[in-house]
Amino acid sequence: MFLVIGVAVFVALFRIMAATGVDWFVGLPVSLIPLALITVFVHLVVNGRPSSFAGDLVLLAAWRLKSWLYLAGALDRPPILWISDDPPAHPKEF
């Protein structure tokens, strides 16, 4: 899936730059940058890792950002690690 997205972005960027009059020897390397970034991402994050690894990295980065903002005084409350979507059970159900 990532390869298809990378090729589509490459083709779109190259066509846009060709339509605006950018020479092909300038447009080709610039258009290859997203494809190279996706290739590096797949090599380092996706291959040989669990399927949730990329999502876990995003959640960790969000947690670190929220913690940093709280410690810097930009947030009023500390970040919550886990929010349960289930409503609590009534005590008579136990």
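We did not get these values from a lab; they are worked out from the coordinates using the rules stated. What you are looking at is a predicted structure, and each value in this text was computed from that prediction instead of being measured. All Cβ positions, glycine included, derive from the backbone under ideal geometry; neighbour counts span all protein chains shown.
Could you check how many percent of all C-alpha pairs in the stretch 1-48 are farther apart than 14 Å? The proportion of pairs with Cα distances above 14 Å equals 51 percent. Charges were assigned to the Cβ only: +1 to each Lys and Arg, -1 to each Asp and Glu. The resulting dipole of the chain about its Cα centre is roughly 140 debye. Between LEU71 and ALA36, what is the FRET efficiency for a Förster distance of 41 Å, r being their Cβ-Cβ separation, to the nearest 0.05? My answer for the efficiency is 0.70. Extension gain for VAL4 to ASP86 (0.36 nm times residue separation, less C-alpha to C-alpha distance): 25.8 nm.
Adding -39500 (n - 2.57) for every DSSP H run of four residues or longer, then dividing by how many residues the chain holds, sets the calculated 222 nm ellipticity at -20000 deg cm²/dmol. Once both labels are positioned 7 Å from their Cα atoms along Cα-to-Cβ, the gap between ARG49 and ARG64 label points is 1.2 nm.
Between ALA36, GLY55, PRO88, the Cα set farthest toward the positive side of the dipole of the chain (charges on each charged residue's Cβ, about the Cα centre) is that of ALA36. Once the convex hull of all Cα atoms in the chain is built, its volume per residue stands at 216 Å³.
What number comes out for the charge environment of SER67, summing +1 per Lys or Arg and -1 per Asp or Glu over other residues with Cβ under 15 Å away? Display every interim value, and only then the final one.
Working: positive: ARG64, LYS66, ARG77; negative: ASP76.
That works out to +2.
Cβ crowding within 10 Å ranks MET17, MET1 as MET1, MET17, fewest other Cβ atoms first.
Only Cα pairs under 8 Å and at least 6 apart count here; give the relative contact order of the chain as a rounded whole percent. Please list the in-between numbers first.
Numbers: 42 pairs, mean separation 17.8, N = 94.
Rounded, it is 19 percent for the chain.
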